[in-house]
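Data block below; observations after.
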Amino acid sequence: MAEALLQVRDLEGWYGESHILHGMTFEVGRGEVVTLLGRNGAGKTTTMRAVMGMLPKRSGSVKYDGRELIHLKSNAIAKAGIAICPEERGIFASLSVKENLLLPPRVKPGGLDLEAIYKLFPNLRERSTSQGTKLSGGEQQMLAIARILRTGADLLLLDEPTEGLAPVIVQQIGATIRMLRETGFTIVLVEQNFHFAATVADRHYVVEHGQVIDMIPNASLEQNREKLKTYLGV
Ligand code: ATP
């Protein structure tokens, strides 16, 4: 693995009284694409939210580029260089594509301007005046991913970007993730679809009951296929 950009150690997390994360430990090298795989309710989304400072009660260690972030609020974590694209996408239906793209503040030097985003996502340039409501599910997902590039983040947390999308659109999302990786971004991807995960990621962390129970390099996914199917219950 390349030098670790994100190091998560013994991360615990709660929703109110419910203790959800039980010592999540994983790391992501600079320039890597890593997935969190696991069944519904395993704690993948909660992990992303805890890393981003969006879980009110959490403990353990989240280091980004060597700097401890566990006690910081989300806005400070965004300034450090992390951005999240949530599962629900958060596209404003009454705003145009362009207006949606301009919503996130550029909190860190290096945040992409509109022109740079359109270069990476030519389809969004064509749709720039369309309202959020007029976009297909796939276009909305592209917009949700493209939008977080404004902040200047180097590490992108993508929560189930393929959910509910047709296979041909899932392929496009895969191409987008590979393009972002080639552009220099580091990516943590929450996925349930390991066939898709295998087409984009370097390594896979298997999450169960709020813990990492296994790590499988993509190169050895084939040998581990049966084990992985058992983990995922498919
Ligand atoms: P999914 O694919 O279903 O989102 P996941 O692995 O991302 O699965 P989480 O969404 O992190 O799982 O949920 C982990 C656990 O936390 C589940 O038991 C879920 O019911 C619980 N949970 C999630 N959100 C909340 C919340 N806002 N309040 C209380 N409990 C929650």
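The values are calculated or read from the model by the stated rules, or taken from the named source; none is laboratory data. None of these values were measured; they are calculated from a predicted model. All Cβ positions, even for glycine, are placed from backbone atoms using ideal geometry, and neighbour counts span all protein chains on display. Only protein heavy atoms, including side chains, enter the accessible area calculation; ligands, DNA and RNA are left aside. Shrake-Rupley method; radii C 1.70, N 1.55, O 1.52, S 1.80 Å.
Exactly one residue out of Leu158, Leu112, Leu120 is under 30 Å from Leu232 (Cβ atoms) and either modelled with pLDDT under 95 or touching a helix residue (DSSP H, G or I) at 6+ places or on another chain (Cβ under 7 Å) (or both), and it is Leu158.
Table: residues versus (1) more than 16 Å from the ligand (Cβ to nearest atom); (2) under 22 Å from Gly132 (Cα atoms); (3) out of contact with any strand residue (DSSP E or B) (no Cβ under 9 Å at 6 or more places or on another chain); (4) among the aliphatic types (A, V, I, L, M).
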residue: Leu149; (1), (2), (3), (4): yes, yes, no, yes
residue: Gly152; (1), (2), (3), (4): yes, no, no, no
residue: Glu160; (1), (2), (3), (4): no, yes, no, no
residue: Val168; (1), (2), (3), (4): yes, yes, yes, yes
residue: Leu180; (1), (2), (3), (4): yes, no, no, yes
residue: Gln192; (1), (2), (3), (4): no, no, no, no
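Could you please find all residues in segment 160-190 being under 22 Å from Asn40 (Cα atoms) and part of a loop (DSSP other than H, G, I, E, B)?
Glu160, Pro161, Thr162, Glu163, Gly164, Leu165, Ala166
Leu157 meets all of the listed conditions (1) under 13 Å from the mean Cα position of the chain (by Cα); (2) assigned to a helix (DSSP H, G or I) but one, namely (2). Taken together, the residues in segment 147-182 that are at positive phi and open to solvent by 50 Å² or more (accessible area, probe 1.4 Å) amount to 1. Within segment 122-146, the set of residues being more than 28 Å from Ala80 (Cα to Cα), in contact (Cβ under 8 Å) with a residue 40 or more places away in the chain and open to solvent by less than 20 Å² (accessible area, probe 1.4 Å) comprises Gly132, Leu135. Any chance you could count how many residues in segment 183-212 are at positive phi and surrounded by fewer than 16 Cβ atoms within 10 Å (Cβ to Cβ)? So the count comes out to 2. Please work out which residue is surrounded by the most Cβ atoms within 10 Å (Cβ to Cβ), limiting yourself to segment 6-65 and to residues that are within 13 Å of the ligand (Cβ to nearest atom) and closer than 19 Å to Leu180 by Cβ. The residue in question is Thr35. The set of residues in segment 213-225 that are open to solvent by 40 Å² or more (accessible area, probe 1.4 Å) and either out of contact with any helix residue (DSSP H, G or I) (no Cβ under 9 Å at 6 or more places or on another chain) or part of a loop (DSSP other than H, G, I, E, B) (or both) comprises Met215, Pro217, Ala219, Glu222, Gln223. Has segment 83-94 got at least one residue that is within 11 Å of the ligand (Cβ to nearest atom) and open to solvent by less than 70 Å² (accessible area, probe 1.4 Å)? Checked segment 83-94: at least one residue is within 11 Å of the ligand (Cβ to nearest atom) and open to solvent by less than 70 Å² (accessible area, probe 1.4 Å). Condition check for Asn100 on (1) more than 25 Å from Met24 (Cβ to Cβ); (2) without any contact (Cβ under 8 Å) to a residue 24 or more places away in the chain; (3) among the polar types (S, T, N, Q): one failure, at (2). Give me the residue from segment 104-121 that is closer than 11 Å to Leu149 by Cα and in contact with a Gly (Cβ under 9 Å, 6 or more places away or on another chain) and, out of that set, most open to solvent (accessible area, probe 1.4 Å). Looking at the filtered set, the residue picked out is Arg106.
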